[in-house]
Every structure is written in C-alpha cells, then in structure tokens.
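> This is the structure I want to talk about, given as structure tokens.
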Amino acid sequence: MQAVRWSWRQARTEAASPDIDRTVGAAVGVPVVVVELEDHRGTEIAERLARLPVVSIGVGSSADRCWDVRTQDPDPIIAGALSAPMAAVTAAQVLRGTADRTVDEALLVESLAYATLQSGAEFASWLASQGRRVRNDDGPRVRIEEHDDHIEVILDRPRLRNMIDARMRDELIDAFSALSLGAPLPIRLLGAGPAFCAGGDLAEFGTVADPLTAHLLRSTTNLASHLHRIAERVTTHVHGPCVGAGVEMMAFCRRVVAHPDAWFRLPETRMGLMPGVGGTVSIPARIGRHRTLEWLLQDSTIDASTALKWGLIDSIQESGEDSGVD
C-alpha cells in the first residue's frame, strides 16, 4: 500500500480521468491521495475523490470541507493511514455522511462498517498479536446513586480501569433505559477509581461467533442509542484515562467536565477497526469530522487543555471542585 502526492496541476488532470478508479483506491493499493492545493479550495477534486475508497488529504489553508483531512502537514496522517489502510479508508467513508443521517441511521451505518472491519485481515493481525487475558471479576459493573437533586451513574470496575465489557454494556443500557422513563433529574456519569474509562475490554475482542452476529447484537443492544435518549440531562465527569469507547460515550453527553489529569485517545484504526460505540456520531458532533479522522489516524494522546481547545470537553475542573468517585 502507498500514498500518492499530486501537485495541483496533476490533480486536475487525474481527477478528470474516467479511469481514476483504476489508479487510486484501497483495492488497487493506493488508499491515500494527497493534493498540494496551493491557494485553491479543490472542491471538485475532493468531491471526485469522495466517491472512491481513499482517504483524501487537502494540503493548504483554503482546502474545501469536502476533503477528508485538511492540513498543512500531511506526513503523520499519511503514516497513520498506511499503518491500517482498510480501517482508515472505511472510517473516512463513514464519517463523510454522518452529518446527513439521523442518529439511528448513522449508528446503523457505523455498526455495519465496524462488523466489516471485524472480518478483515487488519483486525485479525492485531488480534493475533494480543495476549489473552483471563477475566476474574464477576461483580456488578455499574452503580446507581440517587440524590435529592440528581442521579449518579458510576462505572464501577476500578481495578480494570472501567473497561467496558458485555456485562457493563448491558448494565448501562438497563440504567439508561430506566432513567429515560423516570423523573427527569440531572444525571452525572462518573468513573470509580483511577480512570474514567480505558475503553473496550480487550479480553472480549474477537469472542463473538462472527461479525454479522455482532452487528445484529448491536442492533438491539446499542449502548449509544440508549445514552443518546437521555444525553441532554447528562454531565460526564472525566478523570485519568479516557480511551476509545470512553471518549465515544462521553462525547454524546450535554456537558463534559474533565479533571486536569484527564487524557484522551482513539486507538481503533491501529487495531484494524474504527469507533463502534457511536463515536462516528458523537465525536464529530463536538470536534468535526475532519479533526475526528485526523485524530483517529494519528492515534495521538491529547491532554485536557487540548481537548478543551478542540471542543471535545466543555470545561476543566477547578481546584477544589468535586471530581466524582474515589
């Protein structure tokens, strides 16, 4: 797999070719197209590339919104995309249309794309590189505390950094479903122990019988859709690691307050996957699809200050303010 880099003049010629699909695209080994735009927006070229299975990168400050990524420094993004090109291209394709879909439609597309990647060689290779962890925590995963003026939903798997497994997912769905029917009190979403949520439980990756079954399960047990129904009432308090599914879930909520020690990461494409807990909906709604894809492809860790600058969170906790659960 390789990237191609076109000058503005070359890009105009290539984009006008009726055979462009034979020269660029993941299926022909060219999953990334980079165009030096100079002072141009490149709208027509970006629109042409958006119909192909590529990650399109417009280099220049005037790049049109049709580009998958708009940047002045494409090299880190190229490297990230080529590390898992099928996942990168699939994520780009899904993110292109998210804003035009309802939340339920977007979650369906996300689930189908995620299932496709689960059957791919990139995920299989990543999974084969992982050691198997034995699960030995059988206790409840979620704790609900009712107060006079609010309700707290607490991720309560502190020893494992509140990683989300099937049991936690089901307990959260039960909690969110009950809260959608109860009194409309404000809700605080918190994590017990040293982390808000370290992502999905790696011990369960690849354990479902097949990707189609996994997609059909998500169609009825989709944590994101249940959270979305009550999201306007939810303030999430984040501390420590907030990774993958933790970021996806947090971003749905009306307000996110982060402790100064909070940090955030989206590692999915390096695993041969993409966000699968609503992140292609919730994260772009906060920071835009271009920054979402750029972050995904670079697999970078950002701190609370950067998250605030991006709009991923709404505020950083003041000194002495209640940070949640010990």
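> Exactly one condition in (1) modelled with pLDDT of 95 or more; (2) touching a helix residue (DSSP H, G or I) at 6+ places or on another chain (Cβ under 6 Å); (3) surrounded by 24 or more Cβ atoms within 10 Å (Cβ to Cβ) is false for ARG286; which is it?
ARG286 satisfies every listed condition except (3).
> Could we say that THR98 is in contact with a Ser or Thr (Cβ under 6 Å, 6 or more places away or on another chain), among the β-branched types (Val, Ile, Thr) and surrounded by 16 or more Cβ atoms within 10 Å (Cβ to Cβ) here?
Details: in contact with a Ser or Thr (Cβ under 6 Å, 6 or more places away or on another chain): yes; among the β-branched types (Val, Ile, Thr): yes; surrounded by 16 or more Cβ atoms within 10 Å (Cβ to Cβ): yes.
So THR98 passes the test.
> Taking LEU216 as meeting all but one of (1) modelled with pLDDT of 95 or more; (2) part of a helix (DSSP H, G or I); (3) farther than 16 Å from MET168 by Cα, write down the number of the exception.
Of the numbered conditions (1) modelled with pLDDT of 95 or more; (2) part of a helix (DSSP H, G or I); (3) farther than 16 Å from MET168 by Cα, the odd one out for LEU216 is (1).
> Of everything in segment 1-59 that's in a loop (DSSP other than H, G, I, E, B), without any contact (Cβ under 8 Å) to a residue 24 or more places away in the chain and among the charged types (D, E, K, R), which residue is farthest from MET86 (Cα to Cα)? Write out each step before concluding.
Step one: of segment 1-59, the residues in a loop (DSSP other than H, G, I, E, B) are 1-2, 7, 17-19, 23-24, 29, 31, 37-42, 50-54.
Of the ones still in play, those that are also without any contact (Cβ under 8 Å) to a residue 24 or more places away in the chain are 17-19, 23, 39, 41, 51.
Restricting the remaining residues to those that are among the charged types (D, E, K, R) gives 19, 39, 41, 51.
Details: ASP19: 21, ASP39: 31, ARG41: 27, ARG51: 16 Å.
Looking at the filtered set, the residue picked out is ASP39.
> When the residues of segment 125-152 are narrowed to those that are under 21 Å from ALA166 (Cβ atoms) and at pLDDT 90 or above, which ends up nearest to the chain's Cα centre (by Cα)?
Selected residue: TRP126.
> Let me ask something else. Between GLY244, GLY276, which is buried (at least 24 other Cβ atoms within 10 Å of the Cβ) and farther than 13 Å from CYS197 by Cβ?
Details: GLY244 fails: farther than 13 Å from CYS197 by Cβ.
Just a single option satisfies the conditions, and that option is GLY276.
> Condition (residue is surrounded by fewer than 19 Cβ atoms within 10 Å (Cβ to Cβ), outside any strand (DSSP E or B) and either among the basic types (Lys, Arg) or without any contact (Cβ under 8 Å) to a residue 12 or more places away in the chain (or both)) applied to segment 197-205: is it met by at least one residue?
no
> Which of the residues that make up segment 151-182 are out of contact with any strand residue (DSSP E or B) (no Cβ under 9 Å at 6 or more places or on another chain) and farther than 18 Å from LEU217 by Cα?
Scanning segment 151-182 gives ARG159, LEU160, SER180, LEU181.
> Now a separate question. Considering only residues that are surrounded by fewer than 18 Cβ atoms within 10 Å (Cβ to Cβ) and of a type in the set (S, T, N, Q), which ones fall in segment 58-75?
SER61, SER62, GLN72
> If we scan segment 84-99, do we find a residue that is part of a helix (DSSP H, G or I) and over 27 Å from ILE57 (Cβ atoms)?
Filtering segment 84-99 for residues part of a helix (DSSP H, G or I) gives 85-99.
Next, from what is left, pick out any that are over 27 Å from ILE57 (Cβ atoms): none.
Scanning segment 84-99, I find no residue that is part of a helix (DSSP H, G or I) and over 27 Å from ILE57 (Cβ atoms), so the answer is no.
> Looking at (1) in contact with a helix residue (DSSP H, G or I) (Cβ under 9 Å, 6 or more places away or on another chain); (2) closer than 21 Å to ARG254 by Cα; (3) in a loop (DSSP other than H, G, I, E, B), which is the one condition that is false for ASP148?
(1)
> Taking segment 219-241, which residues are part of a strand (DSSP E or B) and either of a type in the set (Phe, Trp, Tyr) or surrounded by 18 or more Cβ atoms within 10 Å (Cβ to Cβ) (or both)?
Once the filter is applied, which keeps residues that are part of a strand (DSSP E or B) and either of a type in the set (Phe, Trp, Tyr) or surrounded by 18 or more Cβ atoms within 10 Å (Cβ to Cβ) (or both), segment 219-241 yields VAL234, THR236, HIS237, VAL238, PRO241.
> Go through (1) modelled with pLDDT of 95 or more; (2) within 16 Å of the chain's Cα centre (by Cα) one by one and return the number of the condition SER225 breaks.
So SER225 meets the others, but not (1).
> Could you tell me which of the residues ALA26, ALA16, ALA11, ALA46 is surrounded by fewer than 18 Cβ atoms within 10 Å (Cβ to Cβ) and either aliphatic (A, V, I, L, M) or closer than 15 Å to ALA92 by Cβ (or both)?
Unique residue meeting the criteria: ALA16.
Conditions tested, residue by residue: (1) buried (at least 21 other Cβ atoms within 10 Å of the Cβ); (2) in a helix (DSSP H, G or I).
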site	(1), (2)
GLU152	no, no
ARG159	no, yes
MET168	yes, yes
ILE173	no, yes
PHE176	yes, yes
LEU179	yes, yes
ALA183	no, no
GLY193	no, no
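> For segment 261-273, does any single residue satisfy the condition of being crowded, with 24+ Cβ neighbours inside 10 Å, touching a strand residue (DSSP E or B) at 6+ places or on another chain (Cβ under 9 Å), more than 25 Å from LEU127 (Cβ to Cβ) and in the same structural domain as LEU117 (by TED's automatic domain parsing)?
Looking for residues that are crowded, with 24+ Cβ neighbours inside 10 Å, touching a strand residue (DSSP E or B) at 6+ places or on another chain (Cβ under 9 Å), more than 25 Å from LEU127 (Cβ to Cβ) and in the same structural domain as LEU117 (by TED's automatic domain parsing), one finds at least one in segment 261-273, hence yes.
> Same structure, new question: Would you check if there is a residue in segment 276-291 being in contact with a strand residue (DSSP E or B) (Cβ under 6 Å, 6 or more places away or on another chain) and touching a residue at least 24 places away in the same chain (Cβ under 8 Å)?
Going through segment 276-291, the residues in contact with a strand residue (DSSP E or B) (Cβ under 6 Å, 6 or more places away or on another chain) turn out to be 290.
Narrowing further to those that are touching a residue at least 24 places away in the same chain (Cβ under 8 Å): 290.
Within segment 276-291, one or more residues are in contact with a strand residue (DSSP E or B) (Cβ under 6 Å, 6 or more places away or on another chain) and touching a residue at least 24 places away in the same chain (Cβ under 8 Å).
The values are calculated or read from the model by the stated rules, or taken from the named source; none is laboratory data. In this text the structure is predicted, and so the values were computed from the model without any measurement. Note that each Cβ is placed from the backbone with ideal geometry, even for glycine, and that neighbours are counted across all protein chains shown.
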